[in-house]
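Student: Have a look at this one.
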Amino acid sequence: MTIEESKNIKLADYLHSLGYNPVKQQGSSLWYKSPFREEKEPSFKVNPDRNLWYDFGLGKGGNIIALAQELYASDSVPYLLDKIAQQALHVRPVSFSFRQQSSTQPSFQQLEVVPLSSPALYSYLQERGINTELAKRECKEVRFVNNGKQFFAVGFPNASGGYEVRNKYFKGCIAPKDITYIRQKGEPRETCYMFEGFMDYLSYLILHGECDAVVLNSIVNIPSALSMLNKYSQICCHLDNDKTGRMATWQIMKALGDKCTDASNEYEEYKDLNEYLMNKSMAFQQKGRNKF
């Protein structure tokens, strides 16, 4: 993807694909709660006509590349273009009706949350190395209408009542976006494990068993996670093995000090813990086939 191609992506569509939607419109401007911090009143403005943004709390703004610089904590243009290109696969044109939708309503309409039961979703999860029983325990099936079309996906709940949603062809968020905090029953545990996304969390459960965990659901949620993590004496970070993940781990370690450990060496040859699990599962299956 070139710089000019990236600038042709509408900011509102791009933000929507990340789970961020405007809460109001003034003139032609769309106003959002900032993706960079927690806030009650929107201070992040998008001008759809000029395809530019400005964050009044941050004091910064610009085009989609400037947005990516803040979202992905990098100044490397090739890296940012690659991240934009990856997310662009999930970008769809959207429109917003503020007469019919308040800031507290989900952007996806006719939302129905039911126990996970779809064979297609089971198959998708199995491709990712996640077994059915674990998926049924930790996830839901969400059915919804978006832009007049019906969808169903794996839903992973967050702390604010939103869902991270995934299927084989779709990746997004039903707002509000937030972290997910999992605390095991019984005596308080000393260690908490941190994951970038819920597929990595599920992968950890398969590889190592139950744990107290914080799933960021987006690295922009790191500030929300820090207060939760402070109650633990040890934090193990299982974030992605890319520049964004490493910078996020550094940010957490800087904030929490010596009690924070980078645990990504377990899957150092892979992008993330789920990719490591998938490769390990395939190797095990191949070993089984070779016996016959």
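Student: Give the stretch 36-48 a look and list any residue that's more than 9 Å from Pro22 (Cβ to Cβ), surrounded by 15 or more Cβ atoms within 10 Å (Cβ to Cβ), in contact (Cβ under 8 Å) with a residue 24 or more places away in the chain and under 22 Å from the mean Cα position of the chain (by Cα), or say none.
Tutor: Phe36, Arg37
Student: A further question follows. Tally time: how many residues in the stretch 43-86 are modelled with pLDDT of 90 or more, touching a helix residue (DSSP H, G or I) at 6+ places or on another chain (Cβ under 8 Å) and not in a strand (DSSP E or B)?
Tutor: Number satisfying all stated conditions: 16.
Student: Checking the structure you have, find out if any residue of the stretch 75-83 is open to solvent by less than 60 Å² (accessible area, probe 1.4 Å), of a type outside the set (Val, Ile, Thr), within 21 Å of the chain's Cα centre (by Cα) and under 21 Å from Ala175 (Cα atoms). Show your work before the answer.
Tutor: From the stretch 75-83, those open to solvent by less than 60 Å² (accessible area, probe 1.4 Å) are 76-77, 79-81, 83; that's our starting set.
Of the ones still in play, those that are also of a type outside the set (Val, Ile, Thr) are 76, 79-81, 83.
Pick out the ones that are also within 21 Å of the chain's Cα centre (by Cα) and you get 79-81, 83.
Add one more test, that the residue is under 21 Å from Ala175 (Cα atoms), and what stays is none.
No: zero hits.
Student: So in the stretch 123-166, with the set limited to residues that are assigned to a strand (DSSP E or B) and among the basic types (Lys, Arg), which one is farthest from Leu277 (Cα to Cα)? Write out each step before concluding.
Tutor: Initial filter on the stretch 123-166 (assigned to a strand (DSSP E or B)): 140-146, 149-157, 163-166.
Then drop every residue that is not among the basic types (Lys, Arg), which leaves 140, 143, 149, 166.
Values: Lys140: 22, Arg143: 28, Lys149: 33, Arg166: 18 Å.
Step by step, filter the stretch 123-166, then rank; the result is Lys149.
Student: Cβ-Cβ under 6 Å, sequence separation 6+ or interchain: first residue in the stretch 173-200 and in contact (Cβ under 8 Å) with a residue 40 or more places away in the chain, partner assigned to a strand (DSSP E or B) and among the hydroxyl-bearing types (Ser, Thr, Tyr). Which pairs?
Tutor: If the second residue must be assigned to a strand (DSSP E or B) and among the hydroxyl-bearing types (Ser, Thr, Tyr), the pairs left are Ile174/Tyr163.
Student: While we're on this one: Only residues in the stretch 214-234 that are among the small types (Gly, Ala, Ser) count as the first member; pair them with residues that are not in a loop (DSSP other than H, G, I, E, B), Cβ under 6 angstrom, at least 6 apart or cross-chain, and list the lot.
Tutor: So the pair list comes out as Ala225/Val214; Ser233/Lys259.
Student: Now for a separate question. Do you know which residues across the stretch 96-122 are in a loop (DSSP other than H, G, I, E, B), modelled with pLDDT of 80 or more and open to solvent by 40 Å² or more (accessible area, probe 1.4 Å)? Steps first, please.
Tutor: If we filter the stretch 96-122 for residues that are in a loop (DSSP other than H, G, I, E, B), which is where we start, we get 96-108, 116-118.
If we keep only those that are modelled with pLDDT of 80 or more as well, we get 116-118.
Passing the criteria: only Ser117.
Let's see how each residue does on (1) within 19 Å of Glu210 (Cα to Cα); (2) modelled with pLDDT under 95; (3) charged (D, E, K, R):
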| site | (1), (2), (3) |
| --- | --- |
| Ile130 | yes, no, no |
| Glu133 | yes, no, yes |
| Arg137 | yes, no, yes |
| Phe152 | no, yes, no |
| Arg166 | no, yes, yes |
| Phe170 | no, yes, no |
| Lys177 | no, yes, yes |
| Tyr181 | yes, no, no |
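Student: Is it true that some residue in the stretch 11-21 is exposed (fewer than 15 other Cβ atoms within 10 Å of the Cβ) and free of Cβ contacts under 8 Å to residues at least 60 places away in the same chain?
Tutor: First pass over the stretch 11-21, keeping only residues exposed (fewer than 15 other Cβ atoms within 10 Å of the Cβ): none.
So far as the stretch 11-21 goes, no, none of its residues is exposed (fewer than 15 other Cβ atoms within 10 Å of the Cβ) and free of Cβ contacts under 8 Å to residues at least 60 places away in the same chain.
Student: Just checking, which of Tyr270, Tyr276 is of a type in the set (Phe, Trp, Tyr) and open to solvent by 60 Å² or more (accessible area, probe 1.4 Å)?
Tutor: Details: Tyr276 fails: open to solvent by 60 Å² or more (accessible area, probe 1.4 Å).
Sole residue among the options that is of a type in the set (Phe, Trp, Tyr) and open to solvent by 60 Å² or more (accessible area, probe 1.4 Å): Tyr270.
Student: Turning to a different aspect of this structure: Condition check: touching a Pro at 6+ places or on another chain (Cβ under 8 Å), surrounded by 15 or more Cβ atoms within 10 Å (Cβ to Cβ) and of a type outside the set (S, T, N, Q). Does Lys33 satisfy that? Even if it seems obvious, please write down each step before you answer.
Tutor: Working: touching a Pro at 6+ places or on another chain (Cβ under 8 Å): yes; surrounded by 15 or more Cβ atoms within 10 Å (Cβ to Cβ): yes; of a type outside the set (S, T, N, Q): yes.
It is true that Lys33 is touching a Pro at 6+ places or on another chain (Cβ under 8 Å), surrounded by 15 or more Cβ atoms within 10 Å (Cβ to Cβ) and of a type outside the set (S, T, N, Q).
Student: Kindly provide the set of residues from the stretch 145-155 that are aliphatic (A, V, I, L, M) and either in contact with a Leu (Cβ under 6 Å, 6 or more places away or on another chain) or free of Cβ contacts under 8 Å to residues at least 12 places away in the same chain (or both), ordered by number. Please lay out each step first, then the result.
Tutor: Step one: filter the stretch 145-155 for residues aliphatic (A, V, I, L, M), giving 145, 153-154.
Matches in the stretch 145-155: Val154 only.
Student: Continuing with this model, one more query. Would you please name the residue that is least open to solvent (accessible area, probe 1.4 Å), looking only at residues in the stretch 1-10 that are of a type outside the set (A, V, I, L, M), part of a loop (DSSP other than H, G, I, E, B) and in contact (Cβ under 8 Å) with a residue 12 or more places away in the chain? Outline the logic, then answer.
Tutor: Applying the first criterion (of a type outside the set (A, V, I, L, M)) to the stretch 1-10 yields 2, 4-8, 10.
Cutting the leftovers down to part of a loop (DSSP other than H, G, I, E, B) gives us 2, 8, 10.
Checking the rest, the ones that are also in contact (Cβ under 8 Å) with a residue 12 or more places away in the chain come to 2, 10.
Details: Thr2: 72, Lys10: 129 Å².
Residue satisfying both the conditions and the ranking: Thr2.
Student: Follow-up. Is it the case that Asn158 is closer than 26 Å to Ala263 by Cα, touching a residue at least 60 places away in the same chain (Cβ under 8 Å) and among the polar types (S, T, N, Q)? Even if it seems obvious, please write down each step before you answer.
Tutor: Details: closer than 26 Å to Ala263 by Cα: yes; touching a residue at least 60 places away in the same chain (Cβ under 8 Å): no; among the polar types (S, T, N, Q): yes.
Here the answer is no, as Asn158 does not meet what is asked.
Student: Among the residues of the stretch 222-240, which ones are open to solvent by 40 Å² or more (accessible area, probe 1.4 Å) and in contact with a Ser or Thr (Cβ under 8 Å, 6 or more places away or on another chain)?
Tutor: Ser233, Gln234
The values are calculated or read from the model by the stated rules, or taken from the named source; none is laboratory data. Given the structure is predicted, the values throughout are model-derived calculations rather than measurements. For neighbour counting, all protein chains shown are included, and Cβ atoms are generated from backbone atoms with ideal geometry for every residue, glycine included. Ligands, DNA and RNA are excluded from the accessible area calculation, which covers all protein heavy atoms including side chains. Shrake-Rupley method; radii C 1.70, N 1.55, O 1.52, S 1.80 Å.
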